[in-house]
Amino acid sequence: MDTNSQNIQPVPPFSEKNDETPDMGGGLPIIEYWAKQTLSPEGPKLWQTLLHKSACLSCSWGTGGQKGGFTNEDGEKLQRCMKSVEAISAEIKPAISTNYFQQHNIAELQQLTSREADRLGRLSFPMILRAGSSHYDRISWQEVYEIAEAAFRKTPERVASYSSGRSSNEAAFLLQLMMRAIGSNNLADCSDLCHAPSTTGLNEMFATRTSVVSLENLKQADCVVLAGANSAYNHPRFMNELIKICDKGGKIIVINPVMEIGLVKFGSPAFPVKSLIPGSKIASLYLQPIPGSDTALFVGIQKSVIEQGLLDETYLQAHTEGWEAAVQHARETDWETITTTCGVSQAEIEAAAKIIGNSKRVVFGWAMGITQQKNGVDNVFSIANTALMTGNLGKIGAGLMPVRGHSNVQGFGSMGVTVNLKKEIQHTLEQLLGCPLSGVKGYETRSLIEAADAGKVDTLICLGGNLYGANPDSNQAKRALGKIETIIYLATKPNLGHFSGLAHHNTIVLPVLNRFENPYKTTVESGNNFVRFNDEGETHLKDADLIPEVHFLTELAARIHGTYPVDWRQLQDTKYVRQLIAKTIPGFEKMATIDETNEEFTISGRIFTEPKFPTDSGKAKMFVTPLPVLKLPEIKDFGASESVRGLVVALMTGRSYSQHNTVVYKIDDKYRGMPHRNCILMNRADAESAGMKEHQRVTVQGNVGKMENVEVIYGAVREGAALMFYPEVNVIFHPEIEKRSGTPAYKRVPAFVYAEA
């Protein structure tokens with residue numbers, strides 16, 4: 001390999017595509033999709049919603065707010081993507097007919113796929129599944145509140161919540177305040193399943209928990225390292241920033257065991273002449289490590305930085321603690337151990353180190369390929385160590401940027417929906433409550449499932465999300481939720497959890513208004529710490545019995561708490577909620593005047609433009625990151641007979657091209673050439689070594705279950721690894737857990753793939 005070349009390896013070693021995979025991501029199919037949606041019967045409503053001054057419903061890179069539906073925080077236009085249209089299209093569907101649930105029993109509803117459940121339409125009336133009943137029945141709001149109030153008067157340690165990033169900051173703040181006022185810290189959140197290692201790692205090193213890079217700063221970068229993320233699928237607007245960095249001569253290093261075609265070349269509608277049809281080259285260097293080996297890869301990059309004389313020791317001495325041990329660890333780890341562990345050659349690693357070390361401003365971004373590992377926190381440490389060793393923290397155009405998923409998932413953490421509350425927020429909440437918070441450690445998402453399975457949870461409220469569908473070991477999740485006495489789901493549309501995540505006694509599903517329908521203003525937070533302000537709206541659903549989620553939370557809290565510690569019913573006006581947020585959540589002081597100014601803002605204290613960190617010493621803390629010992633089970637460990645021919649792979653679970661979290665919009669994945677959901681993407685050499693052929697049907701077995709009739713699809717995935725779709729594949733495995741953060745290792749699932757004799 002020519003390590004002096006500017007574009008050393010834009011296409012990775014394991015790059016064999018199948019015939020169905022396009023030559024680039026994005027491009028004309030996006031325009032065709034927009035045109036089709038525009039000309040559909042729902043087109044006028046779709047465009048009305050797109051132009052509404054509210055934040056995108058999809059990922060945390062979405063646009064919207066007071067600048068307009070297509071405008072980002074920097075004032076740039078044409079910043080809306082296909083995923084946004086998919087999300088809106090699902091929300092503007094008609095209401096589910098009033099007799100649908102009378103005509104279909106729960107056993108029938110459990111047979112629906114995620115896509116089929118979503119396509120039923122909007123929920124429009126409250127309903128309940130009572131113990132012993134086979135059907136959901138309509139329920140009055142009066143009975144809803146009576147059941148909910150009784151459920152929330154259980155022992156505080158036996159009351160829990162779960163939430164997603166669908167809702168507003170105001171709803172999130174009210175949820176955690178209501179829970180903490182009853183003495184419960186059981187505030188599980190969908191982020192526990194994805195970016196909790198980012199939060200944990202960044203907090204230990206820098207005393208911050210979010211991205212330290214603003215959109216404005218990202219634009220100044222001349223190199224981006226993107227690890228374990230597939231932004232071409234999941235954060236398409238981010239691709240516009242990568243294209244602009246490439247256009248000015250910057251470098252993009254992509255790290256992913258799968259060659260995602262959109263990260264090699266992407267056609268963006270935001271640049272119709274120079275990018276849409278010809279496509280823009282993205283990756284300057286594309287590395288494909290063994291799943292779970294990222295720490296080894298980054299230690300290798302650090303070692304090469306040292307050997308090439310690119311270590312910024314002056315920076316380390318001035319601005320970090322513990323750097324000597326981290327540098328020594330990288331220097332002394334031998335190359336054979338590094339390359340054997342990560343599966344990336346020394347020449348490739350040296351090429352990455354050279355690009356990073358010679359770039360003036362490097363942003364390191366990552367997503368769940370990094371965090372959903374048994375050593376996810378070490379992965380984050382190793383990325384941050386690399387940034388510090390090259391002086392790429394605390395200056396404009398450089399830093400660390402976890403690439404978040406759901407549109408307001410970061411806002412929920414900021415509002416205190418977490419089991420690991422910041423000390424500053426704990427102090428202000430205790431002042432508000434007039435008493436210390438409970439000292440009992442709360443349940444995060446995985447420990448909530450384990451506690452429920454052990455019979456330790458009586459009441460659960462779910463503010464959005466799909467707790468059943470998002471969890472690994474689907475049978476355990478179903479069993480655990482079935483031991484909870486009362487579950488209350490607040491949702492806009494049905495999902496698999498409403499049909500399979502059923503309580504022991506009462507399962508209540510409450511229809512709520514979505515972000516662009518609320519009769520009051522709300523706020524959300526982007527993944528780069530920007531607070532957007534959403535205008536009021538109205539729903540297209542006529543004669544529907546819906547409720548704003550803030551109204552439900554405040555009414556329930558008023559029935560439970562009276563006027564302690566606040567007048568809850570007054571907080572049905574979200575302006576007063578924002579006053580409380582401004583007083584209790586550090587960095588949100590501007591929330592106090594946002595109703596008067598309409599001024600959206602970047603949260604103070606989070607963007608590092610100089611190397612001064614909010615730690616006790618003002619310096620970043622570096623940690624030695626041990627290389628993982630990666631060993632897959634043998635075939636015999638799956639209980640297979642010697643006559644069965646197959647192979648064991650490191651299986652990654654992932655979303656398809658047209659999917660948002662557990663919601664599936666299309667059954668195929670055109671980017672990977674996977675025609676339906678029951679496929680496994682494999683390396684040709686792996687499959688043929690086990691006597692398998694493309695399109696053959698096989699069984700994929702994990703440690704608690706198996707999926708049959710799975711179609712083998714050849715694709716650009718490295719040897720020893722494979723990919724299947726989440727949430728369907730959750731049924732086969734009980735995961736290893738990242739113990740410091742509680743996050744499951746979805747991205748390295750040992751699986752036995754075989755064909756029946």
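What's the ranking of 671-681, 290-300 by average number of surrounding C-beta atoms within 10 Å, highest first?
290-300, 671-681
What is the calculated FRET efficiency for E596 to A150, with r their C-beta to C-beta distance and R₀ = 41 Å, to the nearest 0.05?
The pair E596/A150 has a calculated efficiency of 0.50.
Just the number please: accessible area per residue for the stretch 281-326, 1.4 Å probe, all protein chains included, in Å².
Per residue, the stretch 281-326 has 30 Å² of solvent-accessible surface.
Using a 1.4 Å probe, what is the accessible area per residue for the stretch 30-176, in Å²?
Using a 1.4 Å probe on heavy atoms only, each residue of the stretch 30-176 averages 39 Å².
How many percent of DSSP beta bridges within the chain run antiparallel, rounded to 5?
About 40 percent, rounded to the nearest 5.
From a point 7 Å beyond the Cα of R645 in the direction of its Cβ, which residues of the stretch 713-731 have a backbone N at a distance under 19 Å?
Answer for this model: 713-714, 720.
Apply the a/c threshold of 1.5 to the C-alpha gyration tensor of the stretch 588-636 and tell me whether it is rounded, prolate or oblate.
In terms of gyration-tensor shape, oblate.
Can you give the FRET efficiency for D74 and W47, using 1/(1 + (r/R0)^6), R0 = 22 Å, r = Cβ-Cβ distance, to the nearest 0.05?
The calculated FRET efficiency here is 0.40.
Tell me, what HN-Hα J-couplings in whole Hz come from the Karplus equation 6.51 cos²θ - 1.76 cosθ + 1.60 at θ = phi - 60° for each residue of the stretch 249-261, using x for Gly and Pro?
Once θ is set to phi - 60°, the couplings for the stretch 249-261 become x, x, 10, 10, 9, 9, 10, 6, x, 9, 7, 7, 4 Hz.
For the stretch 184-253, count all C-alpha to C-alpha pairs, find those more than 20 Å apart, and express that count as a whole percent of the total.
The proportion of pairs with Cα distances above 20 Å equals 45 percent.
How many Å² of accessible area per residue for the stretch 330-391, probe 1.4 Å?
28
Compute the distance from the alpha-carbon center of the stretch 446-508 to that of the stretch 728-757, in whole Å.
20
Work out the P(r) tail for the stretch 191-326: percent of alpha carbon pairs separated by more than 27 Å, whole number.
Looking at the stretch 191-326, the distances longer than 27 Å represent 30 percent of pairs.
Report the Cα centroid-to-centroid distance between the stretch 194-221 and the stretch 33-74 in angstrom, as an integer.
Each part's Cα centre sits 27 Å from the other's.
Going from most exposed to least, what order do L502, L193 have by accessible area with a 1.4 Å probe?
If we order L502, L193 from most to least accessible, we get L502, L193.
Could you name the lysines in cross-link range of K17, using Cα to Cα under 26 Å and dropping any fewer than eight places away on the same chain?
The qualifying lysines are K83, K251, K265, K274, K281, K666, K670, K693, K747.
Computed from these coordinates, which is Rg and Dmax of the Cα atoms in Å: (1) 28.8, 85; (2) 31.7, 116; (3) 24.9, 73?
Matching the structure shown: (3).
With the Cα gyration tensor of the stretch 137-176 giving a ≥ b ≥ c as the square roots of its eigenvalues, does the rule (a/c under 1.5 for rounded; else a/b larger than b/c for prolate; else oblate) give rounded, prolate or oblate?
In terms of gyration-tensor shape, oblate.
For H504 and E756, FRET efficiency with R0 = 30 Å and r from the beta-carbon atoms, rounded to 0.05?
0.20
How large a share of the accessible area of the chain, in percent, is made up of carbon and sulfur atoms when the probe is 1.4 Å and the other protein chains stay in place?
Accessible surface attributable to carbon and sulfur in the chain totals 50 percent.
Which entries of K360/K590; K303/K374; K441/K493; K77/K612; K493/K739 have Cα-Cα distances beyond 28 Å here?
Distance filter (> 28 Å) returns K360/K590; K441/K493; K77/K612; K493/K739.
Sort W568, W47 by accessible area with a 1.4 Å probe, largest first.
In descending accessible area the options line up as W47, W568.
I'd like the Kirkwood hydrodynamic radius of the stretch 214-275, using the inverse of the mean 1/r over distinct C-alpha pairs, in Å.
Kirkwood hydrodynamic radius for the stretch 214-275: 12.0 Å.
If you take the charge dipole of the stretch 1-156 about its Cα centre, with +1 on Lys and Arg Cβ and -1 on Asp and Glu Cβ, which of C59, G26, I128 is farthest toward its positive end?
Farthest towards the positive end: I128.
Can you give the calculated 222 nm mean residue ellipticity of the chain, where each DSSP H run of n ≥ 4 adds -39,500 (n - 2.57) and the sum is split over every residue, rounded to the nearest 500 deg cm²/dmol?
After summing the helix terms and dividing by residue count, I get -9000 deg cm²/dmol.
The values are calculated or read from the model by the stated rules, or taken from the named source; none is laboratory data. Values in this document were obtained by computation on a predicted structure and should not be read as measured data. Backbone-built Cβ (ideal geometry, glycine too); neighbour counts: all protein chains shown. Side chains are part of the model used for accessible areas, which takes the heavy atoms of the whole protein and leaves out ligands, DNA and RNA. Shrake-Rupley method; radii C 1.70, N 1.55, O 1.52, S 1.80 Å.
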